[in-house]
Structure formats: C-alpha cells, structure tokens
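Visitor: What follows is a structure written as structure tokens; I'll ask about it next.
All of the numbers you see were taken from the coordinates with simple rules; none came from a lab. Values in this document were obtained by computation on a predicted structure and should not be read as measured data. Glycine also receives a Cβ, built like all others from the backbone with ideal geometry; neighbour counts cover every protein chain displayed.
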Amino acid sequence: MITLDELLEKDKKREQDGFKRKIRIGRIVKPGSKGKEKIIVVPTTVEEKFVHDDIIEDQEQGEAEPTGGTGDGQEGDVIGEQPIRPEDGEGEGEGDGEGPGEGKGGEHEIEANAYELGKVLSQDFELPNLKDKGKKKVLARYVYDLTDKNKGVGQVLDKKATLKKIVETNISLGNIPDVSTIDTTRFIVSPRDLIYRILSREKEYESQALVFFLRDYSGSMGGKVTQTVVSQHVMLYSWLVYQYEKQVETRFILHDTEAREVSDFHKYYSYKVAGGTKVFTAFKLVNDIVEKESLARDYNIYVFHGTDGDDWDKDGKQTLAEIEKMLTYTARIGITIVAHSYVGSKQTEVEKYIQSSGILTKHNHLIKLDVMAENVDDTRIIQGIKTLIS
Amino acid sequence: MELVNQHVKGIMEECKIRARDAGLRFDDETLEYIVTNRDLIELSPKVMIPTLYDYWVHDVRVLSGKGMYEAYPSNPFETVINTRPAISYYNDNNPDWLNVMIFYHVLGHIDFFQNNLFYKNTWDIDLAGQALADKRMIARLRSEKGRWLDYVIEFARGMDNLVGFHKDLNRTVSDGGRKKLSRTDFYFDVFLQKIRSVPQHQYVKEISRYNQCQKDNGDFFTKVTGKYPEFDELYRKEIEAKTPPQMDIMEYIIRYSPFLRREENEWMKSVIHIVRSTSLYFQPQMRTKTMNEGWASYWHEKLFMADDRISGHEADYAKVNASVTAMPRVGLNPYALGMRLLEHIQEMEDKGKYSFEYYLLNDAVQKKSYNQHKNTGQSFIFTVRENMNDFTFINSFLDQEFVDRHNLFVAGKRINSQNMTWQYYIKSKKVQDYKQMVINTLYHPPDIRIDGEKTKDGVLYLDHRFENKPLKQDFIENTMIGIEFLWGGPVHLETSEPTNKANIDPRYTNFWDPSAPGASPEAAISPIEWKRVRYVIKDRKLHKQEL
C-alpha cells in the first residue's frame with residue numbers, strides 16, 4: 001500500500017508538469033473528553049467534474065435546505081428545535097482526571113499520525129519571542145487543594161472563617177450589645193455557621209507557552225473559509241503537539257457576536273453557528289482570561305485568530321483597543337484573514353482597519369497579519385503559518 | 001477475502017429455492033465472500049470491484065477510509081456487485097438466522113440487477129473479467145508513460161459523469177430510435193426541389209407517376225436510379241448528415257480530437273474508453289438506488305417473515321429490520337421509502353385503483369373503500385421492477401394517498417432568532433412538494449453536449465442545457481483544463497449563472513443586523529435571474545465572457 005509521503009511526493013511532481021496540486025491534508029477529529037480527542041490526518045482529494053451546485057430557488061433568508069419527515073402534525077407545526085450554539089455540556093467536575101496508564105495503549109498509533117504532519121512542519125518553524133518564564137516546565141496537571149470553602153460539611157474546619165461567621169450571626173441576633181465586653185457564652189452557634197475547607201480539583205498550568213486559538217464561527221464563515229482557517233489551525237495545533245509536546249498549553253475561543261471558550265479542540269474545530277460578527281469580543285475574552293488567571297506572568301502567550309475579515313465594528317475601534325492591550329503581554333499575535341472570493345481585490349474590513357492603524361509596523365515583532373484567498377492549497381496555508389510565527 | 005463455508009453456502013442455496021418460488025429470477029451461480037473491514041475499506045474506492053484499475057485517487061480514498069474507520073467504525077451487512085456471477089461480500093460473525101435475512105436481501109438485489117431494463121447493457125459483460133483486462137492494460141501503459149497515464153485517467157474521469165447513458169441504452173433497447181428520412185421523402189422534398197431544382201410541371205409529373213406506381217405496385221425508383229445514377233449515393237450521404245450518431249463528449253473526443261489522432265497519443269484513446277465504459281457500467285446503479293434497495297428490503301421482509309428459520313428470532317429480526325427500514329422523524333431514508341412505495345403500489349393495484357374510474361372519484365370515503373379485488377399487485381410490481389428507474393418510479397407512483405398513509409411531510413429548517421435555535425417544522429404535506437423534494441435528491445448530472453455547429457477552427461464548444469441549476473463554479477477550471485488537454489485546443493463552455501449575486505450570498509449578516517448595508521429585503525425576495533455566460537479555456541487559462 002502506498003504511503004502518505006509517497007502520495008505527497010507524487011503530487012509535488014504535478015507542478016513540474018504545469019498542473020495544480022490535488023492532494024490536501026484532511027483531518028478527522030475523533031471526539032474525546034478532556035482534551036483527549038485525536039486528530040487523524042488523512043489525505044483528501046476532489047475529483048472535479050461538471051456538477052450541479054445546490055442552489056435552492058426562492059429560499060427565504062435564514063432557511064436551510066428542506067428534507068423529508070414522517071409522523072403526526074399539521075403544516076406549520078414546529079416539531080423540534082436544536083440549539084445553534086451547541087452547549088458546552090461537559091461539566092468540569094466529571095470523571096477523575098488523567099490517571100497514568102489509563103487507556104494509553106491504543107492511542108499511541110493514532111496520535112502518531114498527527115505527529116507525522118507535525119514533523120513536516122517542524123522542520124521550518126519555531127515559536128517566536130520565546131522567553132524563559134515561570135519556574136516549572138513539566139506537564140500541566142490537575143492538583144487537589146483545600147481551597148474551596150463550604151458551609152456545614154467539609155474536610156477541615158476553617159476556624160477563622162467560622163468565628164467571623166458566628167460573630168456576624170450573633171450581631172444580627174442582637175447578642176453583642178457592646179463590642180468592648182463580648183460575652184461569648186451568650187453566643188448561639190448555628191451548624192450553618194461552621195465553615196469548612198473542602199478538597200477540590202484545581203487546574204495547574206505549568207507550561208511555558210500558552211496558545212490561544214481564536215476562530216470566527218459566524219454565519220459569513222460558511223464553506224471554504226472555515227475549512228481554510230481550520231486547516232491552518234489544525235496544522236498549527238499538530239505542530240505544537242509535536243514540537244513542544246506537552247509544554248504548550250492551548251485554549252480555544254470561538255466568536256460570532258459574542259465569544260466563548262470551548263474545552264477542547266474537537267469543539268473548536270466542529271462548531272458552526274449563523275450569527276453576525278464582532279471580532280473584538282474574542283480578543284476581549286482573551287484579555288479577560290489572561291488577567292483573571294494572571295497568565296502573563298508565567299507564560300509566553302500566543303494568540304492566533306482566524307476570520308473572513310468581516311466585522312460589524314467597521315473601523316475596528318474596539319478591536320484595536322483590545323489588541324493594543326494584548327500587545328502589552330503577548331509574545332505574538334497572528335491574524336489570518338481568509339477572504340471570500342467575492343471580495344475580489346478589495347480589502348476586508350478587518351484588514352483595512354488593522355493596516356491603517358499602523359500597529360503592524362509599530363509592533364512588527366509582536367503582531368503579524370496574513371491574508372489569503374479562500375481557495376488556497378496546503379502549501380499556501382503552511383506559508384501562512386511561517387508568516388504568522390516568523 | 002475468502003468464500004463462505006459450506007454451511008453458509010447451504011443457507012444461501014436454500015434461500016435461492018424459496019426466492020425463486022416467490023417469483024424472483026436470477027442466475028444459478030453466485031459467489032459469497034467473507035471480507036474483513038480492511039478489505040472493505042480497500043474495496044470501496046474501487047466501487048467494490050476487486051479487479052478495477054489502479055489509480056492514485058483510490059489510494060487517497062483508502063487512506064482516508066482507514067482514518068475514518070478509526071474514528072467512526074461502522075460495518076455494512078452486505079454489499080452486492082453487478083457481475084456475472086453476482087458477487088456479494090459479508091462481514092464475518094453473522095448468526096445463521098441473520099444470514100438468512102441478509103441472503104434474501106442480496107437475492108433481491110441480484111434479481112433487480114438481472115431484470116431491470118436499465119441494466120440491459122451490463123448483462124452481456126463479465127465486469128470482473130473486463131476490469132481485470134483493463135487493469136492490466138493500464139498497468140502496462142503506466143510502466144511506459146509514467147504519470148502522464150494518470151493525468152489521462154484524471155481528465156477522462158473529469159467527464160465521466162456526462163456519458164450518454166440513455167443514448168447508449170436506446171441503441172440496445174430500441175435499435176436506433178429516431179425515424180429516418182425515407183427514400184421517397186428525400187426524392188421529392190430534397191432531391192428534386194433542392195438538388196435538381198426541377199421545374200414545377202416536371203415535379204407534378206413525378207408525383208402522379210409515383211401515385212400510379214403505388215396503384216400498380218410498380219417499382220417507382222428503378223426509373224429514378226436509371227435517370228439519376230447518383231441518387232442512391234446522395235441519399236446515403238444525406239442520411240448520414242441528417243442523423244449524425246449521437247455522441248457524448250467522451251466519444252466525440254476519442255473520435256475527433258486532433259491531439260489524440262497523433263500517433264504518439266493513440267494510447268490515450270484506450271484509456272478514455274476504459275474510463276467511459278466503467279462509468280457507463282455504474283450508471284444504472286446510480287439511477288435506481290431507491291428502487292433497488294426498496295426492492296431488496298421488500299423481499300427480505302416478505303420472504304423472511306414466511307420462512308420457518310425465523311422462529312425464535314422474531315424480536316431480533318424486528319430490531320435489525322427497524323434499523324434499516326424505519327422512516328425517520330426528520331430526514332429521508334430512500335431505502336425505507338422505496339420499500340414502502342412498492343408495498344403501496346401493490347395494494348393500489350390489488351384494489352384496482354390505477355384506473356380511470358378511481359381517478360374520477362371525488363368522494364374521499366368512496367376513494368378509500370374503493371376495491372375491485374383485482375389482486376394483480378404482485379405481478380404489477382414485478383413489471384415496475386423491470387421497467388422503471390428512480391425518477392419514473394417516484395414521479396409515477398408517489399401520490400397523495402401514499403403521503404397521507406405514512407404521514408409524510410417536507411421538513412423545513414429555519415433559524416429562530418429569539419432562542420438561537422434551528423427550528424424544524426412541517427413545511428408541507430402536499431404530494432407535489434414531497435415528490436419534488438425527493439426528486440431533488442436523485443442523481444442527475446448536468447446535460448452538457450457538443451455543439452456541432454460552433455465546434456470549428458480547433459475549438460471544442462460545449463453547451464450546457466440549463467435546468468435552473470448552475471454548475472459548481474469551483475470545479476469548472478480544472479475540468480476544462482483536462483478537456484483542453486485531451487482535445488488539444490481551446491474549449492468553450494456555455495452555461496448559465498445567476499445575475500443577482502446578493503441572493504445566493506451565503507452571508508446571513510443582514511438577517512442579524514438589518515441596519516448593515518448589503519442585500520435589501522426586496523432583493524432577498526426577488527427570484528434569481530439567469531444569464532448565459534461562456535467559459536473559455538486556452539493554454540490552461542480560464543476566462544469568462546458574458547453573452
């Protein structure tokens with residue numbers, strides 16, 4: 001059986017003969033909980049023929065292609081609803097974390113595929129502006145700590161907190177008429193006033209680099225644009241997995257008119273929505289996360305954003321403000337704009353305001369912009385990665 | 001890949017006897033193979049023909065199939081191919097009772113392959129053998145020509161959905177088809193008037209002589225050929241010019257391409273020919289999917305329910321059967337639809353409802369209770385199986401009675417902006433809408449032909465007969481590059497495209513922010529207007545011209 005490498009090698013020869021390349025690197029993401037999803041790298045190709053395009057006439061806006069159905073009901077009846085933004089249903093608390101040796105045997109081979117792609121990429125790239133930050137360089141892991149407070153039950157009584165609570169209760173009961181002479185024997189102690197510390201699971205980030213992937217998943221992103229952005233981010237992700245193994249932490253953020261964080265790459269990769277676009281929300285969310293979790297101190301932070309360049313915030317005031325803020329702590333912001341073919345040679349909104357703001361030249365070692373057309377091939381996508389992390 | 005064991009083969013032979021008793025007709029010989037998942041993944045890009053020629057796209061498919069299987073394993077119960085003898089593949093590990101059911105299903109498919117008239121051109125070919133010969137030839141050419149062989153396959157496959165399946169079938173089923181210009185008509189309408197330009201009195205004289213000959217049973221033409229010795233030759237030429245053999249694009253290129261006519265390129269013709277005949281072979285399967293699966297499901301149900309080997313496994317069977325033939329609440333299961341429709345046709349015919357009398361009834365109660373006790377339904381569906389394809393099957397028999405009976409509806413899907421949800425709703429319960437929705441899912445390649453008049457001066461001119469569906473634009477360039485290569489000169493393609501771009505703009509932006517510029521609400525409602533455009537490929541560069 002022919003291998004992927006041989007196929008790609010043959011594909012390269014097409015260019016010598018004056019034809020376009022035909023093989024693209026596709027990926028199948030197998031869902032798994034808690035970042036254990038696997039990316040299976042497969043080649044794909046399309047055999048072009050003259051075929052009909054699916055354009056439905058008289059289609060109202062916001063209406064998808066009809067299909068068949070069976071069962072009771074009258075015309076016009078609504079028979080079901082499905083959320084457009086899929087809920088991030090997985091509770092953080094479920095499962096017991098990653099114990100060693102848990103089902104690792106079978107996974108290796110599959111992951112090796114993603115590594116293969118990463119290997120191709122790693123020859124050329126390196127994360128830019130990487131500084132030594134933080135003390136530890138080991139795996140990110142979960143630790144258990146007595147950090148959460150809980151009324152009534154728990155592992156360890158928090159005496160100070162309990163005492164405060166008792167005083168508080170008794171003040172409201174009127175048992176402390178004079179604060180200078182407190183008679184503790186008159187105190188009434190309710191069981192609800194006992195404050196305990198309880199064992200809880202905390203995420204401990206100990207990696208050096210933290211990469212945020214940001215993707216526009218608004219309605220305008222349909223089709224090729226999303227494919228291209230996702231392709232590029234899959235390659236970046238696979239490359240990070242390979243090159244930096246477990247030393248790179250990744251976070252995933254999707255946005256339309258609002259931004260949300262999703263827990264794993266599979267969700268990042270597969271969610272679709274049909275809303276409008278406000279680019280600044282994603283950058284704002286990153287800034288908020290970084291601030292709230294004080295990530296800037298321990299991490300080299302990288303932000304990669306993929307969009308079609310469409311933004312309701314036409315002059316980008318809000319976006320630019322968030323980017324400026326971000327530039328104070330990031331090691332690199334890489335923005336990819338994949339322009340729809342109907343845009344032609346015009347600039348997209350995002351491109352326009354970023355170019356005219358001058359931040360690209362002012363902070364040229366911190367922020368990079370790459371603009372490509374929606375129907376580019378893998379070589380161009382890889383070229384884009386080079387630009388973003390050069 | 002190995003043949004099933006004697007025990008399983010015994011079950012199959014037993015099934016054949018009972019299927020024949022029920023009226024199915026098929027060859028005695030069949031081959032059943034047990035295959036592994038790996039085999040299946042490697043076979044499916046080759047449309048399950050183990051001897052199909054090698055091609056790198058198949059390898060790509062195999063590699064992605066393996067990845068797909070790792071992520072989402074699934075195994076089909078059976079796969080049958082239309083060879084002689086018919087070959088069917090099974091997964092290992094089926095219990096006997098399940099094999100009985102699957103074999104009935106497979107026999108349904110084989111009966112369909114071997115009796116449906118759309119398959120007529122495949123009956124006299126042993127595909128497995130033919131494919132093997134082709135595979136060897138391709139392998140030999142590849143060793144000589146290297147990757148240029150693969151380009152030729154690629155470019156030929158770029159046109160292989162435009163093969164003239166119906167024309168080919170027409171030649172076999174009704175030899176020739178079109179009415180020829182008769183000798184008499186040629187003589188009076190063309191020869192005398194246009195070629196000879198005889199004066200009127202002479203023309204009238206000939207007509208009366210003709211009428212006289214008709215009366216006397218005399219031979220009118222002996223005198224004609226005596227007077228004009230060139231007449232027969234002119235007539236033959238005229239016939240040839242008037243009814244040029246209808247050729248599809250691939251045939252036309254094989255025959256007339258100046259590039260392929262060069263001696264060093266002759267070999268390409270055989271490659272195109274192989275691709276074309278392989279495609280033709282699979283055309284009937286693509287055009288009878290609903291019927292074929294419906295027919296097989298109908299028979300596995302009917303035969304297995306009456307088989308004593310079901311006893312003890314009724315519940316197991318019900319579960320398996322439901323997973324295959326259930327009608328989903330939302331979505332279309334063509335196999336289930338085909339089976340239900342066959343059952344419906346049988347019942348309608350049994351009651352004599354396919355009659356003028358029934359159509360004239362207006363009273364719903366009378367319509368419902370109408371029953372002529374004809375009981376000819378069973379033989380009627382055999383006729384349907386023989387003469388119909390998916391389109392004619394659905395178009396002729398899907399009626400309001402069927403839609404009502406199975407509570408079918410067209411399900412719409414729209415955005416509910418308040419809850420941020422996709423809302424599924426019952427869009428229509430009318431048979432016209434349902435039928436159209438089903439027909440839209442059927443295989444229907446675009447109708448693109450050679451324009452004989454505009455094909456000149458080295459330009460190949462393709463004309464797309466527009467059916468309110470534009471071509472997929474992304475694919476036009478590479479497809480045309482391929483045709484240009486094989487034609488050896490510029491290629492023009494005339495097709496239609498929408499003028500008001502805003503309407504097919506996939507952006508929903510305006511739905512969410514009406515204040516944003518862009519498509520106005522009126523533009524959204526206006527129907528799409530089409531304009532004719534011409535794509536021109538020359539030296540691998542694509543241009544578009546408006547017409």
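Visitor: Near the amide H of A:Ala339, under 5 Å away, which other amide H atoms are found, from residues 5 or more places off or on another chain, if H is placed in the peptide plane?
Guide: A:Met372, A:Ala373, A:Glu374
Visitor: Would you please give the residues with an amide H less than 5 Å from that of A:Ile79, counting only those at least 5 places away or on a separate chain, with H modeled from the backbone geometry?
Guide: The list, which skips near neighbours in sequence, is B:Tyr424, B:Tyr425, B:Ile426.
Visitor: If we count other beta carbons within 10 Å of each Cβ, what is the order of B:Ser44, B:Ser297, B:Ser323, fewest first?
Guide: Taking fewest neighbouring Cβ atoms as first place, the list is B:Ser323, B:Ser44, B:Ser297.
Visitor: Amide H neighbours of A:Asn300 under 5 Å, counting only residues 5+ apart in sequence or on other chains, H built in-plane at 1.01 Å?
Guide: A:Ala209, A:Leu210
Visitor: Are there GluC sites (Glu not before Pro) in the stretch A:288-390 that DSSP puts in a loop and that have at most 16 other Cβ atoms within 10 Å, and which ones?
Guide: A:Glu293
Visitor: If one computes the Cα centroid of the stretch B:322-351 and of the stretch B:401-473, what distance in Å separates the two points?
Guide: Each part's Cα centre sits 22 Å from the other's.
Visitor: If we count every other residue with Cβ under 10 angstrom of B:Leu52's Cβ, Lys/Arg +1 and Asp/Glu -1, where does the sum land?
Guide: That sum, taken over residues with Cβ under 10 Å, equals 0.
Visitor: Let me check I've understood the local charge: for A:Gly80, count other residues with C-beta under 14 angstrom from its C-beta, Lys and Arg +1, Asp and Glu -1. What total comes out?
Guide: +1
Visitor: Each residue of the stretch B:531-547 in order: what ³J(HN,Hα) in whole Hz does its phi give by Karplus 6.51 cos²θ - 1.76 cosθ + 1.60, θ = phi - 60°, with x for Gly and Pro?
Guide: 10, 7, 10, 10, 8, 10, 10, 9, 6, 6, 10, 9, 10, 10, 10, 8, 9
Visitor: Can I ask one more? Normalised by the number of residues in the stretch B:326-440, what is the relative contact order in percent for Cα pairs under 8 Å and 6+ residues apart?
Guide: Worked out over the stretch B:326-440, it gives 21 percent.
Visitor: Next question, about the same structure. Report the charge-dipole magnitude of the stretch B:94-199 in Debye, nearest 20, computed about the Cα centre from +1 at each Lys and Arg Cβ and -1 at each Asp and Glu Cβ.
Guide: Around 720 debye, computed over the stretch B:94-199.
Visitor: Which ³J(HN,Hα) values, rounded to whole Hz and listed in residue order, are derived for the stretch A:351-361 from phi using the Karplus coefficients 6.51, -1.76 and 1.60 in 6.51 cos²θ - 1.76 cosθ + 1.60 with θ = phi - 60°, glycine and proline given as x?
Guide: Couplings: 4, 4, 6, 6, 4, 6, 6, x, 5, 5, 7 Hz.
Visitor: Same structure again: List, in order, the whole-Hz ³J(HN,Hα) value for each residue of the stretch A:308-321 obtained from phi through the Karplus relation with A = 6.51, B = -1.76, C = 1.60 and θ = phi - 60°; use x for Gly and Pro.
Guide: 8, x, 8, 8, 6, 7, 5, 8, x, 4, 5, 4, 4, 4
Visitor: Right, here's the next one. Mind checking the mean number of beta-carbon atoms from other chains within 10 Å of the Cβ atoms in A:15-25?
Guide: Mean shielding by partner chains, rounded to a whole number: 3.
Visitor: While we're on this one: Calculate the length of the line joining the C-alpha centroid of the stretch B:1-60 to that of the stretch B:352-400, in whole Å.
Guide: The stretch B:1-60 and the stretch B:352-400 have Cα centres separated by 35 Å.
Visitor: Pairs of Cα atoms under 8 Å, at least six residues apart: use those to get the relative contact order of the stretch A:321-374, whole percent.
Guide: After rounding, I find 55 percent.
Visitor: On to the next question. For the stretch B:326-440, compute the number of Lys pairs whose alpha carbons are separated by less than 21 Å, excluding pairs fewer than 8 positions apart on the same chain.
Guide: 17
Visitor: If R0 is 45 Å, what FRET efficiency do you get for A:Ser341 and B:Ser143 from their C-beta distance, rounded to 0.05?
Guide: 0.65
Visitor: Which pairs break 26 Å Cα to Cα here: B:Lys120/B:Lys319; B:Lys46/B:Lys544; B:Lys456/B:Lys541?
Guide: B:Lys120/B:Lys319; B:Lys46/B:Lys544
Visitor: Test of understanding: given chain B, find the longest segment containing no GluC sites (Glu not before Pro) that are in a DSSP loop and have at most 11 other Cβ atoms within 10 Å.
Guide: With a cap of 11 other Cβ atoms within 10 Å, the longest stretch comes to B:231-452.
Visitor: Another question, then. Can you tell me the relative contact order of chain B? Whole percent, Cα pairs under 8 Å, sequence separation 6 or more.
Guide: 13 percent
Visitor: Also: Rg and Dmax of the stretch B:183-242, using alpha carbons, in Å: what are they?
Guide: Every Cα atom of the stretch B:183-242 included, Rg and Dmax give 11.6, 33 Å.
Visitor: May I pose another question? Quick check on the exposure proxy: order B:Trp487, B:Trp148 from fewest to most C-beta atoms within 10 angstrom.
Guide: B:Trp148, B:Trp487
Visitor: In addition: Rounding to the nearest 20 debye, state how big the charge dipole of the stretch B:257-348 is about its Cα centre with +1 on each Lys and Arg Cβ and -1 on each Asp and Glu Cβ.
Guide: 480 debye
Visitor: Order of A:Lys284, B:Lys215, B:Lys269 from fewest to most other C-beta atoms within 10 Å?
Guide: So the ranking, lowest neighbour count to highest, is B:Lys215, B:Lys269, A:Lys284.
Visitor: Please report Rg (one decimal) and Dmax (integer) in Å for the Cα set of the stretch B:326-440.
Guide: Cα only, the stretch B:326-440: 16.6, 56 Å (Rg, Dmax).
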